[in-house]
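Derivation of every value follows stated rules applied to the coordinates shown; laboratory data play no part. Just so it is clear, the structure is predicted and the values come from calculations on it, not from any experiment. Cβ coordinates were reconstructed from backbone atoms using ideal geometry, including for glycine residues, and neighbour counts include every protein chain displayed.
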Amino acid sequence: MFPLIRNRRLRKSASSRLLVAENSLLPSDFIWPLFVVEGKSIQQEIPSMQGIYRLSLDLIVKEVKEVYHLGIRAVLVFVKVEDHLKDNFGKEALNPNGLMQRAIQAIKEACPEMVVFTDVALDPYSIYGHDGVVENKTIANDITCEVLAQMAVSHAKSGADVVAPSDMMDGRILSIRKALEEEKFIDTAIMSYSAKYASAFYGPFRDALDSAPGFGDKKTYQMDPCNAKESLLEIELDLKQGADIVMVKPGMPYLDIIKMASDNFNAPIAAYQVSGEFAMLNLAISKGYLNREDAVWESLIGFKRAGAKLIASYFAKEFCEKFA
Ligand code: PBG
C-alpha cells in the first residue's frame, strides 16, 4: 500500500529497468523469411514491402551468411515459382532439382549451422493461388495432404531441418510425419502453422510471390478471425500428430491467441509478424509518424510477452543489426 509500495522505484533508471525486465529479445528468437527467385544477381524489391527483396540463389547464400553473423539462426524459405511451372497439383514442388530444393542445398552448404525452415504449401505452385488441389472450385483436403507429405520429404531430402506447412488442411501434420518416418527422416522437425487465420494482412506477401487466390478466398481452410478457443483445438491436434513447434499467424492482431497457446501448451510457440503488419509499421515510420527503433522493438517484445519463443519477422535483420 502507498507509500510502502511505489512501483516507480524500480523504473528509476535504465539499469534498474533492465534488471527487472521480464522479457528480452535475442537474435536467436528470430526466423528470417527469404524470398527466392530464379536467375543470377537478381535483387527485386517487393513494392509493398520496402526493404524486403526477392533474391536469386547466389545472393541468397550471401544473405544467409550475413544474417548468421548477426546471430540469426533460422531462415524460412519461400520460392517465387515461374508461371510456366504452375499447375493444379504442385508437380514442380516435388522436382528434386526445383528452386526450393536447390535453395535448401545451397544454404546448407554455405552455412551448415543455419536452421533451414521451408514453406510447405501449394499456393506458390498453384495456377489457382490456393493452398491445395482444386476440385470443382473447392480445395480437396485429403489429396492435398498427400502432396504436402511428398513435398516435405523432398525438402528433407534436400537438407531442410524444419518443414513448415502453412496450408491449414486437416490431418496434414500426420500425413507429413508418417511420410518423414517412412523415409527415415526421423530428425526432421515440423513447425506447423496451427492457428493460421484467414487474414487481410497477407496481401503484400501474395504480391511477393504472385500467389493471390485466383478465385474465392481462403476462408474454407484458414481460421475464422472470430474464433479463439478453436485455436487450442488446432494446436492440440497438430501436437498429437507430431508437430514440434506450433505457430500463430498473423501476430499483432492475435496476441490473445499466442498467450492462450503458451498458457496451455509446453511446445515452443512461434508467432509470425506477417507482411501486412510489416507494411503498416513501415509506412507509418516512413511518414515520420512513428519512431522506427522504438516502434519495431515494441512490436516485437509484445510477442515475447504474449509467450512466443520464436518470431518470424521482416524486421528481424534490421533489429539484429541495430539492437543486438
Ligand atoms: C501461404 C502463405 C501465406 C503466408 C505464408 N504462407 C499467405 C497466405 O496464406 O495466403 C503469409 C506470410 C505473410 O503475409 O508475411 N501458404
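Summary table
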{"read-out": "Order of F2, F30, F265 under a 10 Å beta carbon neighbour criterion, fewest first", "value": "F2, F265, F30"}
{"read-out": "Sorted by Cβ neighbour density within 10 Å, fewest at the top, the residues C145, C111", "value": "C111, C145"}
{"read-out": "Cα-based shape type of segment 199-324, given that a ≥ b ≥ c are square roots of the gyration tensor eigenvalues and the cut on a/c is 1.5", "value": "oblate"}
{"read-out": "H130, H69, H84 arranged by Cβ crowding within 10 Å, fewest neighbours leading", "value": "H84, H69, H130"}
{"read-out": "Cβ-defined net charge surrounding A121, 9 Å radius [Lys, Arg +1; Asp, Glu -1]", "value": "-4"}
{"read-out": "The chain - mean residue ellipticity at 222 nm from DSSP helices (-39,500 (n - 2.57) per run, n ≥ 4, rounded to 500)", "value": "-12000 deg cm²/dmol"}
{"read-out": "The chain: equivalent-ellipsoid semi-axes (sqrt of 5 x gyration tensor eigenvalues, Cα, Å)", "value": "33, 23, 19"}
{"read-out": "Point-charge dipole on Cβ atoms (K/R +1, D/E -1) for segment 10-82, about Cα centre, debye to 20", "value": "380"}
{"read-out": "Entries in K229/K259; K62/K322; K40/K249; K157/K178; K62/K249; K91/K137 that, when Cα-Cα distance is taken, lie over 21 Å", "value": "K40/K249; K62/K249"}
{"read-out": "Cβ-placed point charges (K, R +1; D, E -1), dipole of segment 220-323 about Cα centre in debye, nearest 20", "value": "220"}
{"read-out": "Value of Rg to Rh for segment 1-106 (Rh from inverse mean 1/r over Cα pairs, i.e. Kirkwood)", "value": "1.28"}
{"read-out": "Chymotrypsin sites (Phe, Trp or Tyr not before Pro) restricted to DSSP loop in segment 178-249 with at most 13 other C-beta within 10 Å", "value": "F215"}
{"read-out": "Over the chain, relative contact order from alpha-carbon pairs under 8 Å, at least 6 apart, %", "value": "18"}
{"read-out": "Check: the chain dipole with +1 on Lys, Arg Cβ and -1 on Asp, Glu Cβ, in debye", "value": "1440"}
